[in-house]
Amino acid sequence: MALSRVRLFQPRGEGTRLLPQASRLVELPYSSFDDDDDGDDTVEQDPGVWYPDPPKLSPFSRCVRYLAILWNLLFLLLGLLTLAVGVWGLLTKSPLPGGERGAPLGSDPMLLFVLAGLGASSVSLAGCLGALRASPCLLRFFLGAVLAFGGLELLGGLLLLLLRRRLRDALRDLLLLCLLRYQEDPDLQFLLDEVQRSLQCCGLESYRDWESNPYFNCSAPGVQACGVPASCCQEPLQKGSVPNAQCGFGALALGPAAAGAVLHAGGCGAALAAWLRGQAGAIAAGAGALLLLEALGALLALRVLGDIRP
């Protein structure tokens with residue numbers, strides 16, 4: 001039986017079989033089946049390039065990959081929760097009395113929850129799949145998105161520091177808008193009620209600011225005329241448990257002393273500014289923690305991307 005020596009590149013027509021081994025000195029027996037293959041013009045042999053197996057990941061690299069998957073899975077769940085809250089808020093809107101529809105979709109605050117949830121869930125899903133499937137494309141997309149979000153957050157923080165006075169003016173304008181559209185937008189109504197209850201205030205400067213609302217003005221028709229919302233009352237609950245929606249009726253017709261015995265007569269503008277100054281440390285700590293989490297996710301993705309071999 002004739003023998004032939006294995007070579008890396010075998011010319012077509014020779015009766016030798018290519019063996020994918022590191023050594024070139026291995027000999028294989030000659031087979032008549034090789035002659036049949038060589039005689040068929042439609043069959044072509046591969047050049048026989050040998051690819052070694054990719055190196056196995058170290059325990060540390062596997063641990064980093066698992067951490068990256070868990071990190072992205074956590075933010076994926078948070079993004080889906082935010083998206084669900086936004087969609088629920090949009091679907092549960094009901095038309096107010098006297099109006100055919102609520103606020104337009106473009107000005108609805110719940111749309112911010114929908115957009116934030118979509119962005120966070122999409123980026124986290126790309127990072128999770130990229131770490132799970134070792135996909136360089138998805139990991140690069142995740143890194144770019146995280147860096148973009150971090151840059152926007154830093155830019156927003158710098159703008160808030162530089163434009164603090166304009167921020168206070170914007171908050172005052174928002175409160176004034178809530179006063180004017182209190183009965184027209186359920187989101188603004190909920191926001192203003194929560195601010196007045198938590199800060200124990202009423203109106204922008206005082207409870208008299210509610211005279212600018214067309215529904216609470218003393219010349220307006222209806223039972224709410226010359227009144228204020230129930231969230232301005234010092235005791236909005238009747239007998240400690242039942243909400244009293246009529247506790248603010250007729251409050252604008254009272255004098256300052258009589259109204260102060262029933263309402264929180266102070267304005268919300270100064271109270272909100274004082275609350276923000278007191279919470280500045282907590283807000284800065286929360287923003288810093290968010291940036292650190294994003295930096296951690298980017299470092300994990302970089303490590304996983306570095307472990308990937310072609």
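Normalised by the number of residues in region 180-265, the average gap of Cα pairs under 8 Å and 6 or more apart makes the relative contact order 26 percent. The ratio of the alpha-carbon radius of gyration of region 224-310 to the globular-protein estimate 2.2 N^0.38 Å is 2.09. One chain, two ends: residue 91 and residue 168. Fully extended at 0.36 nm per residue, the span grows by 24.5 nm beyond their Cα-Cα distance.
The ellipsoid that matches the Cα gyration tensor of region 160-310 has semi-axes, each √(5λ) in whole angstrom, of 43, 17, 15, with the longest given first. Out of 267, 213, 155, whose Cα points farthest toward the positive end of the dipole of region 146-293 (charges: +1 Lys, Arg; -1 Asp, Glu; placed on Cβ)? Selected residue: 155. Here region 185-268 is treated as an ellipsoid with the same Cα gyration tensor; its semi-axes, largest first and in whole Å, are 17, 15, 14.
At R0 = 25 Å, how high is the FRET efficiency between residue 112 and residue 217 if r is their beta carbon distance? Nearest 0.05 is fine. Efficiency computed from Cβ-Cβ geometry: 0.20. Would you kindly give the portion of the calculated P(r) for region 154-200 that falls above 16 Å, as a percent of all Cα pairs? Counting pairs separated by more than 16 Å, the tail of P(r) holds 50 percent. Apply the Debye scattering formula to region 113-197, with a single equal point scatterer on each alpha-carbon and no solvent, then give log10 I(q)/I(0) at q = 0.21 Å⁻¹. At q = 0.21 Å⁻¹ the computed log10 ratios are -0.97.
Measuring r between the beta carbons of residue 283 and residue 244 and using R0 = 30 Å, the FRET efficiency lands at 0.30.
Coordinate-derived values only; no laboratory data. Keep in mind the model is a prediction, meaning the values are calculated, not measured. A quick note on method: Cβ atoms are made from the backbone with ideal geometry, for glycine too, and the neighbour counts reach across all protein chains shown.
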